[in-house]
Amino acid sequence: MPVPDLALLIEAARTAGVIAMTWFGNSPKAWDKPGEGPVTEADIAVNDMLQDRLRNARPSYGWLSEENPDTDERLDCEHLFLIDPIDGTSAFIAGDSSFSHSLAIAHNGVITAAVVYLPAKGQLYCAHAEGPATCNGSPIHCSDRNAATGATLLTPKVNLSPDLWTGPVPEVTRHFRASVA
């Protein structure tokens, strides 16, 4: 049932934001995960809260989080939590407000509910299989543009490298945020 799952994700994301904001701008302890990039004590605290809260609410759901080792246990679950406790950890460490909490639920491999919360910006993006995507409760939608030229894209600069394109790189307005979610 996507709507109850969405309500659960929203509440968990908001709580994650409260936890993360206690460290934001306060030089959290940080270290590098080999081959993966930085992690902070805030990432771990948010992950621990999310794992406790979400798995207690939905004990039959599997778990896949950036901050936990992956296990085969999740492969036998009909539902799966997909979690990035702090997406944009480098930005978080640097004091950039564009980090987010990214939470989703998949049912048999199809995303049915998702939340991306940017607590420092006060932006809550939500979507579920039975309704419109929203930002802070207002419906949002994708552009109906059918060509990249002239579009505004949220993408890292590397994605516009000429060697990645079979033809010329389209002329676009590029924006970037540390949280790719």
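Readers should treat all values here as calculations from the given coordinates under stated rules, not as data from a laboratory. Values in this document were obtained by computation on a predicted structure and should not be read as measured data. In this analysis, Cβ positions are derived from the backbone assuming ideal geometry, glycine residues included, and neighbour counts consider all displayed protein chains.
Structure data summary
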read-out	value
Theoretical ellipticity at 222 nm over the chain - DSSP helices of four or more residues, -39500 (n - 2.57) apiece, nearest 500	-8000 deg cm²/dmol
Amide hydrogen neighbours beyond the local backbone of A133, cut-off 5 Å, H modeled	I140
Simple Cβ-charge dipole of the chain, Lys/Arg +1 and Asp/Glu -1, about Cα centre, in debye nearest 20	620
Alpha-carbon gyration tensor eigenvalues x 5, square-rooted, for the stretch 78-181, Å	26, 19, 15
Contact order relative to length of the stretch 34-181, as percent, for alpha carbon pairs under 8 angstrom and 6 or more apart	15
Fluctuation leader among V158, V39, V115 - the chain, Gaussian network, Cα springs under 10 angstrom	V158
Proximal lysines relative to K157, as straight alpha-carbon distance under 25 Å, when same-chain residues fewer than 8 apart are discounted	K33, K121
Rounded to whole Å, sorted largest first: equivalent-ellipsoid semi-axes of the chain, Cα gyration tensor	27, 22, 17
Cα→Cβ-extended label distance, 7 Å offset, between K29 and N159, nm	3.5
